1. Tell me, which residue of the stretch 36-58 that is out of contact with any Asp or Glu (no Cβ under 9 Å at 6 or more places or on another chain) and either assigned to a helix (DSSP H, G or I) or acidic (Asp, Glu) (or both) is farthest from Val212 (Cα to Cα)?
2. It is to be established whether one or more residues within the stretch 166-176 are crowded, with 22+ Cβ neighbours inside 10 Å, in contact with a strand residue (DSSP E or B) (Cβ under 6 Å, 6 or more places away or on another chain) and modelled with pLDDT of 95 or more.
3. Among residues belonging to the stretch 207-260 that are free of Cβ contacts under 8 Å to residues at least 60 places away in the same chain and among the β-branched types (Val, Ile, Thr), point out the one that is surrounded by the fewest Cβ atoms within 10 Å (Cβ to Cβ).
4. Which numbered condition in (1) at pLDDT below 95; (2) surrounded by fewer than 24 Cβ atoms within 10 Å (Cβ to Cβ) is the only one that Pro20 fails?
5. Tally up the residues in the stretch 127-154 that are within 15 Å of the chain's Cα centre (by Cα) and either surrounded by fewer than 18 Cβ atoms within 10 Å (Cβ to Cβ) or of a type in the set (Lys, Arg) (or both), please.
6. Within the stretch 135-142, does at least one residue satisfy the condition of being small (Gly, Ala, Ser) and at pLDDT 95 or above?
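The values are calculated or read from the model by the stated rules, or taken from the named source; none is laboratory data. Values in this document were obtained by computation on a predicted structure and should not be read as measured data. Here Cβ is always computed from backbone atoms with ideal geometry, including for glycine, and neighbour counts include all displayed protein chains.
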Amino acid sequence: MSTSHGSVAESAEAAESGKPVALITGASRGIGLAIARELASTHKLILGASSEDSLADVLAEFPGARPFIAELTDRDAIARAVADAGFGGGAGADAGAGGAGARLDVLVHSAGVADGETVAETPWDVYERVFFVNVFAVAELTRLLLPALRAAGGQVVTINSGSGYFSGVGAAVYSGSKFALRAFSDALREEERGSVRVTSIHPGRVDTDMQVELQASYGNHDYDGSLYIRPESVAATVRLAVDATPEAMIENLAIRPVHK
């Protein structure tokens, strides 16, 4: 009887070890958490957050997941997290050309911040923080993980925004960062075509804590989440991109609320 149970356990362990691996930044809440829940059944998860405390409840939900703790405004912290996760050459300046180390099939950049007012009212440090999280950290983390992604024939998914296509009053900082993220994704896609798939997803307004804060900053205190996209709907677009057959790549995907 014990042999039978052992065989079942070994089979389950073998099946688990054969799963593709997905690293998701911003996984402690909102869209990132929804993506983790969407991919949990088919992928081994590495979940990114800025602190262990913010990720504690999420790790309890996904017992087999591994943490990836890095403050995304700190380049050295990003390199340490990459090295700690076992990806070859993560701490080195030339990591983009180094060994692959641990397996990585999917890298989802879901972490992001929104801030800024009009150009006249926005100081330097706001631009610096928003661009660091939304653009520079994405570029650096991707660079460090490219060897692993290439080795797996993997995929990079950037969670962009409708603001990556359109800008307006008070949007210079956030839209500027998302335009830059779109340009980064487009360039990476062409550079890695045939080696790594790159998908840029552009949601409209999503019902998250960030959206509540954003609407409050606009003076809208009668928040109605039903008017916005659910995080699970964005996660479903990630699933669509990840599950595309090997010869196909979903390059850009926009998802908008039904209500304006």
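1. Filtering the stretch 36-58 for residues that are out of contact with any Asp or Glu (no Cβ under 9 Å at 6 or more places or on another chain) and either assigned to a helix (DSSP H, G or I) or acidic (Asp, Glu) (or both), the one farthest from Val212 (Cα to Cα) comes out as Leu39.
2. There is no residue in the stretch 166-176 that is crowded, with 22+ Cβ neighbours inside 10 Å, in contact with a strand residue (DSSP E or B) (Cβ under 6 Å, 6 or more places away or on another chain) and modelled with pLDDT of 95 or more.
3. Here the residue is Thr245.
4. Among (1) at pLDDT below 95; (2) surrounded by fewer than 24 Cβ atoms within 10 Å (Cβ to Cβ), Pro20 violates only (1).
5. Qualifying residue count for the region: 2.
6. Scanning the stretch 135-142 turns up at least one residue that is small (Gly, Ala, Ser) and at pLDDT 95 or above.
Residue-by-condition table, conditions (1) under 30 Å from Lys19 (Cα atoms); (2) modelled with pLDDT of 95 or more:
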site	(1), (2)
Arg150	yes, yes
Asn160	yes, yes
Phe179	no, yes
Ser185	yes, yes
Glu192	yes, yes
Ser195	yes, yes
Thr208	yes, no
Val258	no, no
